[in-house]
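The values are calculated or read from the model by the stated rules, or taken from the named source; none is laboratory data. A quick note: this is a predicted structure, and the numbers were derived from the prediction, not measured. Neighbour counts run over all protein chains shown; Cβ positions are idealised from the backbone, glycine included. What goes into the accessible areas is simple: the full protein's heavy atoms, side chains included, and nothing from ligands, DNA or RNA. Shrake-Rupley method; radii C 1.70, N 1.55, O 1.52, S 1.80 Å.
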Amino acid sequence: MALWQQLSTLSTCSVRTIQELYVSSPISILVRHNLADHIEQRPWAQYNVDDPNHQRDIQQEFHHFLNMLKYKINELRNSGDMERIIDTSQRLEEQYNLLNNTFSNNPCEFIKKMQHLLNEETKILRAADTAELEVKPIIGDTWMGDLQGSLFSLSFKHVNELKSRIDEQINCLDEKADFKRLSQEEMHRKTASFNARQAELTQAQRDSFKQNRDRFMRTLQGMNAQMGEVVVGLLTLFDDILRKLKVAHDYILKEIDDWKEEQRRGMISGKQPPSLDYIERDACLLADTLTSCAGYYARLQDHLEEMAENRNLITHFHSEILNFIRGLMYKCFIIEKQPPQVLKRDTKFSAAVRIIAGERWGFAIKQPLLKVYLVNAEQAQAILNSNGDVRDVQVCGDVVNGEKVMDYSTQTKTVHCHLKNMVVKKLSRAADRRAAELVTEEKFGVYFQCLVHVPYKESYSPHPHSSRADSKKTLPAVSLPVTVTVHGSQSSAAEATIFWDNSFAPRNRDSFAHPGAQPWGELKARISDCFMKNTDRYLNEDALRYLGMKVLNLDSADDLDSKPVSWQAFSKDTLKKPDRTFTFWEWLYSCIDLIKKHFLPMWKDNLIEGFISKARTEALLKSAEPHTFLLRFSDSNQGMISISLKQRDESIKHIIYSAAELKRLDLAQRILDPDVLRYLYPHHPKEMKFKKYYKAVKEEVPGYEKDFIRAHIPLEQVDIMKLDNLFNEPESANENELMEIISYFDSY
């Protein structure tokens with residue numbers, strides 16, 4: 001039996017374990033289900049990602065996987081099946097794009113992920129009790145083929161069965177109650193007639209009436225006993241359906257928490273969280289079911305007096321249903337698009353919010369009012385811990401353009417709001433700040449306050465005579481931690497604060513508490529994600545090893561991943577080896593900025609080695625032929641790139657360029673123009689790699705004189721003999737002399 005098929009027979013507890021395995025994986029459970037046969041037939045275990053001889057096979061394996069996924073998508077689209085199939089194909093298309101963007105430049109990471117998933121699945125199967133291996137019906141393609149469908153669908157299948165039985169029991173109770181009422185009315189009428197005619201009746205007639213009345217009373221007592229049995233059965237069903245609804249309710253809440261976690265992780269890696277539509281679909285189903293169950297209380301109002309001993313149990317059931325409704329409504333107010341986490345005062349920013357299942361709560365009739373404020377970390381944490389019961393919020397900043405009525409889309413049936421052009425104006429910082437640099441470490445939260453009117457529904461009211469007015473509620477949501485800067489020089493330190501918080505905030509911790517020291521193994525993964533987000537390229541293991549040794553001030557990479565890196569060492573202390581005037585983060589941030597502004601396409605094409613030490617660079621170039629060069633970031637300067645060249649005399653020369661110099665003449669031109677730079681390490685002709693980045697000289701337009709720049713070089717500062725030899729006998733010129741002249745011309 002195939003692995004995936006065996007996993008499909010496990011208990012719901014094991015299913016949950018499998019789902020949690022895929023929650024944190026870029027390879028979704030939807031892809032795993034739809035490509036189950038293909039995945040289990042491929043030789044994943046034979047690939048060694050550290051073996052250079054396997055790199056080509058790994059690349060082919062990854063592209064073969066993408067082709068199979070594309071084939072599956074087209075197969076679903078051509079099936080002409082129902083809406084569920086179309087939805088599945090669309091979500092597979094999203095997964096295809098995600099996998100292609102994530103792993104196209106690093107297929108080895110994809111192989112490692114796949115090996116890990118299959119190993120974990122095997123462990124789960126081995127750990128499962130043999131008693132669990134009872135074959136269960138698979139619910140179409142939704143069982144484990146859809147992360148959001150399996151347990152949820154199973155729970156609702158049972159919920160619908162219980163609802164049908166509850167409806168039958170309540171109908172039975174209504175019928176018995178109606179028959180009892182009619183029988184009592186008939187007995188009252190006959191008793192009144194008997195009392196009026198009692199003097200006229202014979203003793204035999206009076207005895208017959210009394211016998212009939214006694215028989216009726218016994219029948220009535222039997223009917224009451226039967227109704228009591230129905231009520232007991234109802235209470236049992238209420239307990240069962242409460243348990244099932246709690247599973248479904250908790251599952252929806254977990255879906256929302258998982259989505260928020262993906263969103264938070266995406267703030268580092270740049271990966272967009274999936275669409276909220278699948279949560280909307282499930283939440284609407286749950287909201288409708290809860291509203292229907294809340295209606296049972298109103299239907300039982302006429303029977304409460306007759307079953308006083310069970311009244312508290314029925315009221316408890318109704319209260320639990322209302323608690324589910326309140327909890328779901330509170331959790332369904334979501335920040336769909338987070339505001340920037342580094343805000344600059346008096347600078348515009350935007351955000352978007354959404355109320356999941358908002359139409360079901362009646363918010364399409366009277367759209368909610370949204371207000372936005374800025375709150376400090378303490379207030380933000382208090383709001384998050386309030387479970388929706390928000391009171392006396394002290395705001396610390398005004399947000400201009402932060403008030404708007406939410407929109408309702410008749411096409412998508414969603415209640416949402418996109419706020420644009422918001423601006424932080426006034427800001428009250430903490431009074432106990434002791435140093436100016438702490439401005440960039442002070443965290444705030446953007447507080448979204450949603451004022452809603454819940455239309456009156458009799459089923460929502462726990463009391464039959466309560467007010468029929470709409471109830472007003474406040475739905476709160478707080479953004480991920482943000483920092484507020486005043487000028488651009490603070491952006492680097494502020495980004496460090498946000499990067500550290502997003503990277504190491506555990507799911508269950510206080511969101512605004514500062515994470516402590518972290519092992520380099522965790523930090524390097526987040527740094528690589530950060531580079532993927534900003535430069536569309538992950539860092540390889542060599543680069544991460546170099547960075548780890550740099551931040552930890554080590555000469556050896558032994559047991560590097562387990563060594564802790566403190567916030568102080570990451571962002572506040574200047575680098576010690578050698579002594580520098582900048583911190584590790586400042587240097588790293590300047591490298592990212594240099595890539596984005598000056599040579600991003602070359603970086604994405606892996607033409608720049610980047611993070612490699614000067615000593616390692618010289619060791620590599622020693623074995624290369626002359627005129628070979630390598631591109632790396634300068635160790636000694638912030639935001640500079642070095643062209644390390646092996647000259648004809650076997651010496652290594654390092655030519656450093658700043659951002660200002662690259663702005664005057666870009667990197668491709670500085671590489672292609674000098675003849676001494678011929679081969680990109682290890683042996684690639686530079687024209688093959690850099691020509692497409694070279695800015696061609698514009699052709700002369702007829703009727704216009706060609707412009708040119710003439711530089712005057714003071715002759716007393718130039719060795720005329722060297723210059724003469726350079727132009728008259730270029731073959732005999734020394735490369736050191738050539739580079740000296742070139743660098744001198746560059747300065748002009």
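Does I612 fit the bill of being in a loop (DSSP other than H, G, I, E, B) and open to solvent by less than 60 Å² (accessible area, probe 1.4 Å)?
Answer is yes for this residue.
Looking at the structure I just gave you, is A351 more than 26 Å from T88 (Cβ to Cβ), of a type in the set (A, V, I, L, M, F, W, C) and not in a loop (DSSP other than H, G, I, E, B)?
yes
Can you spot a residue in segment 664-677 that is buried (at least 19 other Cβ atoms within 10 Å of the Cβ), touching a His at 6+ places or on another chain (Cβ under 8 Å) and in contact (Cβ under 8 Å) with a residue 40 or more places away in the chain?
Checking segment 664-677: at least one residue is buried (at least 19 other Cβ atoms within 10 Å of the Cβ), touching a His at 6+ places or on another chain (Cβ under 8 Å) and in contact (Cβ under 8 Å) with a residue 40 or more places away in the chain.
List the number of the failed condition for Q272; all other conditions in (1) free of Cβ contacts under 8 Å to residues at least 12 places away in the same chain; (2) assigned to a helix (DSSP H, G or I); (3) not acidic (D, E) hold.
Only one criterion is unmet by Q272, namely (2).
Residues to consider are G358, G397; find the one that is among the small types (G, A, S), in contact (Cβ under 8 Å) with a residue 12 or more places away in the chain and over 27 Å from D277 (Cα atoms).
Result: G397 is the single residue among G358, G397 that is among the small types (G, A, S), in contact (Cβ under 8 Å) with a residue 12 or more places away in the chain and over 27 Å from D277 (Cα atoms).
Of all residues in segment 39-62 being part of a helix (DSSP H, G or I), touching a residue at least 12 places away in the same chain (Cβ under 8 Å) and open to solvent by 20 Å² or more (accessible area, probe 1.4 Å), which is farthest from F103 (Cα to Cα)?
Going through the qualifying residues, I end up with E40.
Run down R434, R391 and say which single residue is more than 30 Å from Q568 (Cα to Cα), modelled with pLDDT under 85 and either part of a loop (DSSP other than H, G, I, E, B) or touching a strand residue (DSSP E or B) at 6+ places or on another chain (Cβ under 8 Å) (or both).
So the residue among R434, R391 that is more than 30 Å from Q568 (Cα to Cα), modelled with pLDDT under 85 and either part of a loop (DSSP other than H, G, I, E, B) or touching a strand residue (DSSP E or B) at 6+ places or on another chain (Cβ under 8 Å) (or both) is R391.
What about Y71, is it at pLDDT below 85, closer than 29 Å to E541 by Cα and not small (G, A, S)?
no
Please work out if V372 is part of a loop (DSSP other than H, G, I, E, B), touching a strand residue (DSSP E or B) at 6+ places or on another chain (Cβ under 8 Å) and modelled with pLDDT of 80 or more.
Taking the combined requirement at face value, the residue does not satisfy it.
Six or more apart or on different chains, Cβ atoms under 6 Å: show the pairs whose first residue is in segment 514-529 and outside any helix (DSSP H, G or I) and whose second is aromatic (F, W, Y).
Taking only residues 6 or more apart or on different chains, the pairs are P515/F504; Q518/F504.
Just give me the residues in segment 384-418 being closer than 17 Å to Q338 by Cβ, crowded, with 19+ Cβ neighbours inside 10 Å and hydrophobic (A, V, I, L, M, F, W, C), in sequence order.
Scanning segment 384-418 gives V399, C417.
In the list L554, L539, which residue meets the criterion of being in contact (Cβ under 8 Å) with a residue 60 or more places away in the chain, part of a loop (DSSP other than H, G, I, E, B) and hydrophobic (A, V, I, L, M, F, W, C)?
L539
Among the candidates S319, S350, single out the residue that is in contact with a strand residue (DSSP E or B) (Cβ under 9 Å, 6 or more places away or on another chain), in contact (Cβ under 8 Å) with a residue 24 or more places away in the chain and hydroxyl-bearing (S, T, Y).
Residue meeting the stated conditions: S350.
Of these, I279, I325, which one is of a type outside the set (G, A, S), closer than 16 Å to V415 by Cα and open to solvent by less than 30 Å² (accessible area, probe 1.4 Å)?
I279
When you check L343 against the structure, is it open to solvent by less than 10 Å² (accessible area, probe 1.4 Å) and in contact with a Cys (Cβ under 8 Å, 6 or more places away or on another chain), yes or no?
So L343 does not fit the description; no.
Suppose we filter I241, I279 for residues that are hydrophobic (A, V, I, L, M, F, W, C) and under 30 Å from S503 (Cα atoms); which single one remains?
I279
Matching residues to (1) closer than 20 Å to R670 by Cα; (2) assigned to a loop (DSSP other than H, G, I, E, B):
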position	(1), (2)
I595	yes, no
M602	yes, no
N606	yes, yes
A619	no, no
P626	yes, yes
N637	yes, yes
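Report yes if some residue within segment 617-636 is out of contact with any helix residue (DSSP H, G or I) (no Cβ under 9 Å at 6 or more places or on another chain), without any contact (Cβ under 8 Å) to a residue 12 or more places away in the chain and either of a type in the set (S, T, N, Q) or open to solvent by less than 30 Å² (accessible area, probe 1.4 Å) (or both); otherwise report no.
The answer is yes; a qualifying residue exists.
In this structure, is K348 surrounded by 15 or more Cβ atoms within 10 Å (Cβ to Cβ) and closer than 25 Å to K260 by Cα?
no
Per-residue answers, yes or no, for (1) open to solvent by less than 90 Å² (accessible area, probe 1.4 Å); (2) of a type in the set (F, W, Y):
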site: D167; (1), (2): yes, no
site: L173; (1), (2): yes, no
site: E186; (1), (2): yes, no
site: R189; (1), (2): no, no
site: Q198; (1), (2): yes, no
site: L201; (1), (2): yes, no
site: A204; (1), (2): yes, no
site: F209; (1), (2): yes, yes
site: R213; (1), (2): yes, no
